[in-house]
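Note sheet for the following structure.
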Amino acid sequence: MSGTSIPAVCKLLNYGKFKYEALKKEKEMKKSQKIIETKEVRLSMTIEEHDIAYRVSSATKFLKEGNKVKVTLRMKGREQAYVKKAIEIVKDFCARVSEYGLTEKEPELLGRNVFVVISPKKAK
């Protein structure tokens with residue numbers, strides 16, 4: 001099984017058995033992988049304190065499970081004039097969840113929505 005040695009060394013084996021073992025090893029690798037999902041939490045400009053607390057608790061639950069959380073704040077009608085307040089609400093939400101996750105980048109405005117993605121902290 002070494003092409004660089006002199007004389008060349010090779011190994012005779014059953015190809016069916018080799019293929020079966022490779023397939024078995026591949027299945028075992030897939031089992032041990034953790035698929036990261038992205039969960040979404042929606043906020044609004046007129047959200048109350050209790051509603052934010054509830055959404056923080058659900059976001060922390062998602063982060064503890066190892067999933068990413070996408071925070072979306074949708075602005076309707078005249079609310080679009082208050083972008084700074086919307087970004088402030090999203091930053092406050094991120095600060096409350098900071099114990100369990102890290103923001104990947106600053107909140108960004110896309111159309112009439114403010115987005116931010118929070119990824120879970122690595123377990124030590």
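The values are calculated or read from the model by the stated rules, or taken from the named source; none is laboratory data. In this text the structure is predicted, and so the values were computed from the model without any measurement. Every residue, glycine as well, gets a Cβ built from its backbone with ideal geometry; the counts of neighbours run over all protein chains shown. For the accessible areas, the whole protein counts, side chains as well, though only heavy atoms, and no ligand, DNA or RNA atoms are used. Shrake-Rupley method; radii C 1.70, N 1.55, O 1.52, S 1.80 Å.
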Exercise. On the given criteria, is LYS31 under 42 Å from the mean Cα position of the chain (by Cα) and either among the β-branched types (Val, Ile, Thr) or farther than 30 Å from LYS64 by Cα (or both)?
Worked result: no
Seminar exercise, completed: Going through region 35-53 in order, the residues found to be of a type outside the set (Gly, Ala, Ser) and farther than 14 Å from VAL71 by Cβ are ILE35, ILE36, GLU37, THR46, GLU48, GLU49, HIS50
Seminar exercise, completed: The number of residues in region 98-114 that are under 16 Å from VAL56 (Cα atoms), under 14 Å from the mean Cα position of the chain (by Cα) and of a type outside the set (Ser, Thr, Tyr) is 2
For this session: Among the candidates SER98, SER119, SER57, single out the residue that is in contact with a Leu (Cβ under 7 Å, 6 or more places away or on another chain), within 24 Å of LYS34 (Cβ to Cβ) and open to solvent by less than 90 Å² (accessible area, probe 1.4 Å).
Result: SER119
Exercise. For region 25-53, which residues satisfy the criterion of being hydrophobic (A, V, I, L, M, F, W, C) and open to solvent by less than 60 Å² (accessible area, probe 1.4 Å)?
Worked result: VAL41, LEU43, MET45, ILE47, ILE52, ALA53
For this session: Give me a count of the residues in region 71-95 that are surrounded by fewer than 17 Cβ atoms within 10 Å (Cβ to Cβ) and within 15 Å of the chain's Cα centre (by Cα).
Result: 1
